[in-house]
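Below: the structure, in C-alpha cells.
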Ligand SMILES: [Ca+2]
Ligand SMILES: [Ca+2]
C-alpha cells in the first residue's frame, strides 16, 4: 500500500548535491552572472511572478517558460502540483514540458536563500501528480507528467515525487540528470525513446543519469526503446526498484519487464536494489532487442516472473559484485548467491547486520563512481569497502560465529571459541596470531581481523574466504 503524499528522498544525496553545487559555482564563475531563480509554491503569493518566495507562482510550467531564454533554477516547496489541462483537451494531454538549461529542485520550505539551505532532514514532499480531472479515476490522468524532448544538456530534476501518471517522465532524444526523485504508482516511471530512422547523430540519443532515486509500485520502472539503432545511455546509481508489478500482458507499449525494460540501450546499474518486482517476462528486467546491461554492487532479491525474473534476449548482461537469490548462467565469480534475505525487514530495503551484502562491493568502487551518500542520506562508505545495494549498513559488524581465544595453529580446536574448527559457513574473527599448517586447506564464509590478528602460512597452507554459495 502506497500512502500519499509520498516523501521525497532528496536528503539522500548530499554528495551529488555538493558535486552539482560545485559545478554550478564553477559555471557561475565562468559566466558573468548568477543563475536566475524562479520560486514555486502550491498557492501563489504577492505578485505571483515567481521572482521570490514572497512573490511565488503556483504554476511550474510558467516558471519553466520564464527561464527558457536564460536558463536557471526553479525552486519548489513541498506540496501537491498538477499540470494544467489545456483548453479543449482532457487530462491525458496535461503535462509539464522541460527545457534546456533549467534545473528543478523540490523540497524547499519556502524561506531558503541558497540551494544548500534546503534542510536535508526536512520531510519534503514536492509531488508532481498526474491525477488530473476526476480524482477517483486514472482514466483521465496525464499521459506524461514530465516531457523532455531534444534537450542537449544541463537539465536537472532533483527532489521530486512523480506519481499517478500513465508515464512519469517521457524522455525523447534528450540529456538529463535525475537526483533524489521518487517515481511511484505510475504505469511507467520513465519511458525513454531515442533515435530516429537513419539518424546517427548523438543529438538523437538519450543520455540520462539517475542517482539516489526510487522506483516503487509502478507497472514498469524504466523502459527504453530505440529507432534507427541510435540508443539510450543510462547510468543508474544508488537506486531502489521495489514492487514494480507488470501483469501478464504489458499495458505500456513495449514495456515487458517489471523494474526494467531494456531495448536499444546501454545501461550501467551501480549499487541498485531490486526487490519484489514482478512481470510475466522478467520482474527485474526484460529485453527483446540489442542492449548492454552491466550490474555492479547490486542486489536482486525476491523478484519473480512466470518466465523468470530476468529475461535477457538476445544479449546477456554482465553481473559482478552483486547478490542474487538464484544463480544465473552468466554471473561472474564475484557474485554472491544467497536465499537468506539481506534486508532488515519486509518493509525496509536497508541491510541487516549479518547480510552477506555488507562490505561485499567491488573494492575499486569510489566516491567518484557512486557519490558519498547512500539512498537514505547516510555515508556511502562504511569500513572502507562499499556494501551492495542502494543502502550502506551503518552499524557495527555482525557478531562472529566463531573467534580465536589464543594464538596457535588453525587446526587446533583449543584456539577456537566454539570448541570446534571453523567451517565455510562461519563468520570467523581472528584476534590472535594463527598459523595455517603445511598443506592445510582452511575455509571460512567471512574473515574478520582484529587489530592484533596475524595469519602465518606454512608451505602449501591455504585459506579460502567466502565461498559465496549460501
Ligand atoms: Ca484522474
Ligand atoms: Ca561497507
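The values are calculated or read from the model by the stated rules, or taken from the named source; none is laboratory data. Note that the coordinates shown come from a computational prediction; the quantities given were computed from them, not determined experimentally. All Cβ positions, even for glycine, are placed from backbone atoms using ideal geometry, and neighbour counts span all protein chains on display.
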Problem - Members of segment 336-370 found to be buried (at least 21 other Cβ atoms within 10 Å of the Cβ) and over 20 Å from residue 394 (Cα atoms), listed by number - result: 336
Practice task
For residue 142, indicate whether it is outside any loop (DSSP other than H, G, I, E, B), in contact with a helix residue (DSSP H, G or I) (Cβ under 8 Å, 6 or more places away or on another chain) and either touching a residue at least 24 places away in the same chain (Cβ under 8 Å) or away from ligand 2 (no atom under 16 Å from the Cβ) (or both).
Solution key: no
Practice task
Among the candidates 34, 54, single out the residue that is farther than 20 Å from residue 177 by Cα and at pLDDT below 95.
Solution key: 34
Completion exercise
All-but-one check, residue 429 against (1) within 39 Å of the chain's Cα centre (by Cα); (2) over 27 Å from residue 341 (Cα atoms); (3) in a strand (DSSP E or B), failing number (2)
Problem - Which listed residue, of 330, 391, is surrounded by 22 or more Cβ atoms within 10 Å (Cβ to Cβ) and either modelled with pLDDT of 95 or more or away from ligand 2 (no atom under 14 Å from the Cβ) (or both) - result: 391
Completion exercise
With criteria (1) outside any loop (DSSP other than H, G, I, E, B); (2) surrounded by fewer than 24 Cβ atoms within 10 Å (Cβ to Cβ), residue 134 comes up short on (1)
Exercise for the section: Determine, yes or no, whether residue 65 is closer than 15 Å to residue 41 by Cβ, surrounded by fewer than 17 Cβ atoms within 10 Å (Cβ to Cβ) and away from ligand 1 (no atom under 13 Å from the Cβ). Expected result: no
Practice task
With the condition kept exactly as written, say whether any residue in segment 395-409 is buried (at least 22 other Cβ atoms within 10 Å of the Cβ), within 13 Å of ligand 2 (Cβ to nearest atom) and modelled with pLDDT under 95.
Solution key: no
Exercise for the section: Residues being crowded, with 17+ Cβ neighbours inside 10 Å and under 30 Å from residue 375 (Cα atoms): count how many of those fall in segment 78-98. Expected result: 8
